[in-house]
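Novice: One structure follows; several queries about it will come next.
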Amino acid sequence: MTDLVDASAVPELTPDRPRRGRWRRRLVRTVVGVLVVGVGLLALSTGVNQAANAIGLARLDVPGELVEVDGEARMHVYSRAEHPGAPTLVFLTGLGLGSAYYELESVWEPLAENVNVATVDYLGYGFSDSTAKDRTNQNVATEIHTALHGAGVEGPYVLVAHSIGGLYGLEFAELYPDEVAGFVGLDSTAPGQQAAEDYEGDLTQDGGLHPIMSVLRFMGFVRMDRWINGDDSSLLPSNPLLDEAEQGEDWLLDNTKLDLRLLDDEASWALRNDLALAGHRFDAAIPTLMLLAKETVDATHEYGMPDWVEVHEAVASEHPQSRIVTLDGSHQIYLDAPAEVVAEIRQLLAATV
């Protein structure tokens with residue numbers, strides 16, 4: 001029988017097969033090579049970052065004193081007591097903002113010229129050690145009190161607190177009323193500041209920083225971001241009011257010692273701490289100065305949140321020298337309007353001390 005299929009019309013497939021095999025092998029080698037280079041670069045970045053961290057920490061001087069407050073945990077307290085008989089301004093930072101020594105320097109340093117000052121780094125922040133204790137108002141306030149006494153910082157205290165430090169300051173004033181001579185809120189958190197629906201459902205959600213941010217920090221991506229973008233770093237921005245050396249020291253602490261696990265826990269307690277102080281206000285014997293940021297005031301109106309001025313009126317004391325002042329600037333009002341903040345605090349002290 002004759003073959004009815006024209007052999008010339010049948011594609012010649014055999015010669016292409018080795019060619020396809022070669023391309024597959026080349027592709028596999030390329031992918032493997034890229035992966036090897038990528039892993040190598042990550043290992044190099046991690047090694048350089050960890051070495052730089054170790055060298056930086058070894059050279060870093062602790063400006064204050066490390067005081068044991070919770071078993072083996074130590075808190076950093078920096079103090080300058082050069083004015084006998086004057087009260088001590090105690091500076092407390094907001095959530096996740098690192099060492100109070102650096103973060104609030106724009107305010108405490110000029111005030112130290114005529115009043116005693118102290119900065120306290122919460123556990124897990126700045127130069128302080130970390131802890132496994134829940135970040136409840138009472139735990140944090142008790143730790144601050146223990147640290148101040150352990151460092152020999154004498155009262156009476158005027159608490160100067162930014163953001164979430166306002167809740168800790170209110171708790172401190174209720175636990176130790178005889179030791180508090182005043183309170184200054186730097187756009188501070190106040191009970192009832194959130195929209196009603198925020199207090200419903202699960203109140204234990206954390207900040208979500210760990211583990212992703214921890215990995216980025218460990219592998220050197222945060223350091224690379226700083227090398228590339230400098231002060232405009234998006235992952236860990238620098239305090240623009242510090243000099244270059246202090247910026248580096250402050251950044252190093254945040255890149256190494258700021259405990260992101262603990263920070264997530266603190267964030268998970270924020271709403272519960274808020275509710276625990278619902279309806280509370282500073283005692284009438286304590287003058288309060290609430291310095292509010294205009295951008296925050298405007299934001300509460302824009303997003304339908306409780307009025308920022310009204311929630312601070314509710315927590316401020318009824319002392320005759322208590323005041324609420326709105327300053328132009330953002331939530332970090334001590335960076336945007338440091339001179340105005342210092343002037344307002346001096347006015348409070350002149351009227352009450």
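Novice: Test residue 148 against the criterion of being open to solvent by less than 10 Å² (accessible area, probe 1.4 Å), out of contact with any Leu (no Cβ under 9 Å at 6 or more places or on another chain), touching a residue at least 12 places away in the same chain (Cβ under 8 Å) and at negative phi, and give yes or no. I'd like the intermediate steps shown before the answer.
Specialist: Values: open to solvent by less than 10 Å² (accessible area, probe 1.4 Å): yes; out of contact with any Leu (no Cβ under 9 Å at 6 or more places or on another chain): yes; touching a residue at least 12 places away in the same chain (Cβ under 8 Å): yes; at negative phi: yes.
Yes.
Novice: Let me ask something additional. Pick from region 200-215 the residues that are open to solvent by 50 Å² or more (accessible area, probe 1.4 Å) and outside any loop (DSSP other than H, G, I, E, B): which of them is farthest from residue 303 (Cα to Cα)?
Specialist: 215
Novice: Could you tell me which of the residues 136, 88, 119 is touching a residue at least 40 places away in the same chain (Cβ under 8 Å), in contact with a helix residue (DSSP H, G or I) (Cβ under 7 Å, 6 or more places away or on another chain), more than 25 Å from residue 209 (Cα to Cα) and of a type in the set (Ser, Thr, Tyr)?
Specialist: After applying the criteria, what remains is 119.
Novice: So which residues in region 286-314 are open to solvent by less than 10 Å² (accessible area, probe 1.4 Å) and within 17 Å of residue 164 (Cα to Cα), if there are any at all?
Specialist: Correct list: 288, 289, 290, 291, 292, 293, 300, 312.
Novice: Which ones in region 94-104 are outside any helix (DSSP H, G or I) and within 18 Å of residue 209 (Cβ to Cβ)?
Specialist: 94, 95, 96, 97, 98, 99
Here's the yes/no breakdown for (1) surrounded by fewer than 20 Cβ atoms within 10 Å (Cβ to Cβ); (2) free of Cβ contacts under 8 Å to residues at least 60 places away in the same chain:
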site	(1), (2)
228	yes, yes
246	yes, no
251	no, yes
266	no, no
271	yes, no
276	yes, no
284	yes, yes
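Novice: Could you list all residues from region 76-93 that are open to solvent by less than 20 Å² (accessible area, probe 1.4 Å) and part of a loop (DSSP other than H, G, I, E, B)?
Specialist: 87, 93, listed by residue number.
Novice: Can you tell me which residue among 58, 54, 100 is of a type in the set (Gly, Ala, Ser), buried (at least 19 other Cβ atoms within 10 Å of the Cβ) and closer than 18 Å to residue 252 by Cα? So that I can check it myself, show each step before the final result.
Specialist: Values: 58 fails: buried (at least 19 other Cβ atoms within 10 Å of the Cβ); 54 fails: buried (at least 19 other Cβ atoms within 10 Å of the Cβ).
It is 100.
Novice: What's the number of the only condition in (1) surrounded by 16 or more Cβ atoms within 10 Å (Cβ to Cβ); (2) closer than 17 Å to residue 126 by Cα; (3) among the hydroxyl-bearing types (Ser, Thr, Tyr) that residue 233 fails to meet?
Specialist: (2)
Yes/no matrix, rows are residues, columns are (1) of a type in the set (A, V, I, L, M, F, W, C); (2) closer than 24 Å to residue 98 by Cβ; (3) touching a residue at least 24 places away in the same chain (Cβ under 8 Å):
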| residue | (1), (2), (3) |
| --- | --- |
| 160 | yes, yes, yes |
| 164 | yes, yes, yes |
| 179 | no, no, yes |
| 189 | no, yes, yes |
| 194 | no, no, yes |
| 201 | no, no, no |
| 209 | yes, yes, yes |
| 217 | no, yes, yes |
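Novice: Considering only region 232-326, give the helices (runs of 4 or more DSSP H) lying wholly within it that have at least 1 residues that are more than 18 Å from the chain's Cα centre (by Cα) and closer than 27 Å to residue 129 by Cβ.
Specialist: 244-256, 260-276
Novice: Here's a follow-up. Could you tell me which of the residues 90, 120 is of a type outside the set (Ser, Thr, Tyr), farther than 19 Å from residue 242 by Cβ and either in contact with a Gly (Cβ under 9 Å, 6 or more places away or on another chain) or modelled with pLDDT of 95 or more (or both)?
Specialist: 90
The values are calculated or read from the model by the stated rules, or taken from the named source; none is laboratory data. What you see is a predicted model; the values in this text were computed from it and never measured. Positions of Cβ are generated from backbone atoms using ideal geometry, with glycine treated the same way; all protein chains shown enter the neighbour counts. The accessibility values were calculated without ligands, DNA or RNA, using every heavy atom of the protein model including side chains. Shrake-Rupley method; radii C 1.70, N 1.55, O 1.52, S 1.80 Å.
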